[in-house]
Amino acid sequence: MERKIEKTVRGFATTDGAGVHLIRVLGNTTVRDFSPILMLDSFDSANPEDYIAGFPTHPHRGIETISYVVSGAMKHKDSLGSSDTIEDGEVQWMTAGSGIMHEERIPAAKRLLGVQLWLNLPASDKMVPPAYHSVRRDDIPEVTLNGGSLRVLTGQYKDVKSWQSKYLPLDYYDVALEAGASLSIETDPSRVFMLFTLLGDIKAAGAAVAEKTAARLTSGDSIHLESAEGPARVLLMGSAPLDEPIVWGGPIVMNTEAELENAFDELRAGTFLKDRISYDN
């Protein structure tokens, strides 16, 4: 059965971090409709002044953050001692779990283009040890399609496998459509799926979806995509359903108000980090 468009959300311009200009598409007002994906920010700028201030040191707990840099670079540093840079076509996956402090610096590039997702952690995994993992360009398989291509950033497409987290699964695809292309993408019927139009306007299951728009899809085992006048880039994300309470406060997402209050109490008391190597700004 083909998936259809059930709900769309168009992104809006805002700033975050130390003044990074971005398009916020999903946030705390859309969690019920797009769960378990909590947040989606899109970066798209040819002006380094829009983003070089970056995201100074800040905490997270209860989520995983997934950053995909299509073009440009992102430098990561955290309280586990991880220090890493991802570049064109690469992914970084950070499990905040019980608590992590990190920063993201964004060096000047000809064009910064990318997306950051927040993926919720189930209640049973909220306090797992934090971790960091990068998925390099050479480790991301690409599937050639009639009228485009599909990169398996994480998870699996048919029998093609990429890296996968051990908590909530995420099938994360970057689909490039040629101008005038029309193709169907198979999707795991047990997963909840959404798409994001990174570049270009498209039709999904016959419905028009403008650039920089997120769309929740109905259940099914495939989605039909068509590019409009020019080429398009579509991100598809599928994960396991997660029907649990969500209590969100800034960079922390828990299941109860008491858990959230405890997290901020620990931040104030200096006991937030359960796993720490070093952190030197």
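Tabulated results
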quantity: Mean residue ellipticity (222 nm) of the chain, computed from DSSP H runs ≥ 4 via -39,500 (n - 2.57), nearest 500; calculated: -1500 deg cm²/dmol
quantity: Inter-label distance, nm, simple model (7 Å from Cα along the C-beta direction), SER222/ARG32; calculated: 3.4
quantity: Per residue, the convex hull volume that the Cα atoms of the stretch 156-281 enclose (Å³); calculated: 173
quantity: Cα-centre dipole for the chain with unit charges at Cβ (Lys and Arg positive, Asp and Glu negative), debye to 20; calculated: 100
quantity: At most 14 other Cβ within 10 Å, DSSP loop - GluC sites (Glu not before Pro), the stretch 212-281; calculated: GLU229
quantity: Potential extension, ARG137-VAL160 segment - 0.36 nm per residue separation minus Cα distance; calculated: 6.7 nm
quantity: DSSP-assigned coil residues among trypsin sites (Lys or Arg not before Pro) in the stretch 6-105, each with at most 15 further Cβ atoms within 10 Å; calculated: none
quantity: Normalised alpha carbon radius of gyration of the stretch 117-161 [divisor 2.2 N^0.38 Å]; calculated: 1.57
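Readers should treat all values here as calculations from the given coordinates under stated rules, not as data from a laboratory. Treat the numbers as computed from the prediction; the structure is a model and nothing was measured. For neighbour counting, all protein chains shown are included, and Cβ atoms are generated from backbone atoms with ideal geometry for every residue, glycine included.
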